[in-house]
Amino acid sequence: MEMTSDPAGEAHKDYTGAVYGSLLAASVVVGAGTLGRFPRLEMIVLLVGTGIVFWATHVYARLFGARLAFHGLKTADVRRACAEEWPIVKAAVPPAVAVAVGPVLGLGAQGTGWLALTVAVAGQVGWAAVAAVKIGAPPRMVVITSVVNLLLGLVMVALKAALHH
C-alpha cells in the first residue's frame, strides 16, 4: 500500500490498490463465469494472473508516467512502485482461496463462483471502509464510501445474475 503523508506530516497507507484489486477480482469472476465451466485451478490462475498483469501495468504507468518522465529511474523507485501497487495482487488472493475451498464446502462451480464474487465484493467494501477510517474520515464518510463501494460491487453481482439466467 502506498504510503502518503497527511498535512500534519504523518504517514498513512493508501488502500486504493486493494479496493481496485478487489473490484478487478470480482470482474474476473463474473467474466470468466460467462464463458462456461472450467477447472477451479484455471479460475485461480486467472484471478492471480490478472492481478499480476494489472499490478505490472500500474507499476509501469507509475514509473514511466509524467512524474518520472524527466528523471532518471533508480532501483529504489522501482522497488517502491512495486510495493505500492502490490495490494492489487493481494486483493486477488481471497477470491482465489474461495475458489480453492469451494469443494471443501461442498460447492459446485456455480456456487464457488458466487462465493468468490462475494469474497471479492466484501474485500472491496472492507478495504474502502478501512481506508476511510485510517485517514480519519468522519463516520458519515466511512458509511458513504462503504455504500458506494457496495453499490459498485452489487453492479458486478447484477451482471453475474443477468449473464447466468
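The values are calculated or read from the model by the stated rules, or taken from the named source; none is laboratory data. These figures come from a predicted structure and were not determined experimentally. Please note: Cβ atoms are built from the backbone with ideal geometry, for glycine as well, and neighbour counts cover all protein chains shown.
Please enumerate the residues belonging to segment 74-104 that are in a loop (DSSP other than H, G, I, E, B), aliphatic (A, V, I, L, M) and in contact (Cβ under 8 Å) with a residue 12 or more places away in the chain.
Of all residues in segment 74-104, those in a loop (DSSP other than H, G, I, E, B) come to 74, 86, 91-92, 102-104.
Still in the running and aliphatic (A, V, I, L, M): 91-92, 104.
If the condition is that a residue be in a loop (DSSP other than H, G, I, E, B), aliphatic (A, V, I, L, M) and in contact (Cβ under 8 Å) with a residue 12 or more places away in the chain, then 91, 92 are the ones that fit.
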> How do the pairs read when you match residues in segment 4-28 that are at pLDDT 50 or above and outside any helix (DSSP H, G or I) with residues anywhere that are β-branched (Val, Ile, Thr) and surrounded by fewer than 24 Cβ atoms within 10 Å (Cβ to Cβ), using Cβ under 7 Å and keeping only pairs 6 or more apart or on different chains?
Replying inline: 14/4; 15/130
>> So residue 107 passes all but one of these: (1) in a helix (DSSP H, G or I); (2) modelled with pLDDT under 95; (3) among the aliphatic types (A, V, I, L, M); (4) within 24 Å of residue 158 (Cβ to Cβ). Which condition number does it fail?
In response: (1)
>> Taking the condition of being without any contact (Cβ under 8 Å) to a residue 24 or more places away in the chain and in a helix (DSSP H, G or I), how many residues in segment 127-151 meet it?
In response: 14
>> Restricting to segment 60-100, name every residue that is loosely packed, with under 13 Cβ neighbours inside 10 Å, at pLDDT 85 or above, within 24 Å of the chain's Cα centre (by Cα) and not charged (D, E, K, R).
In response: 60, 61
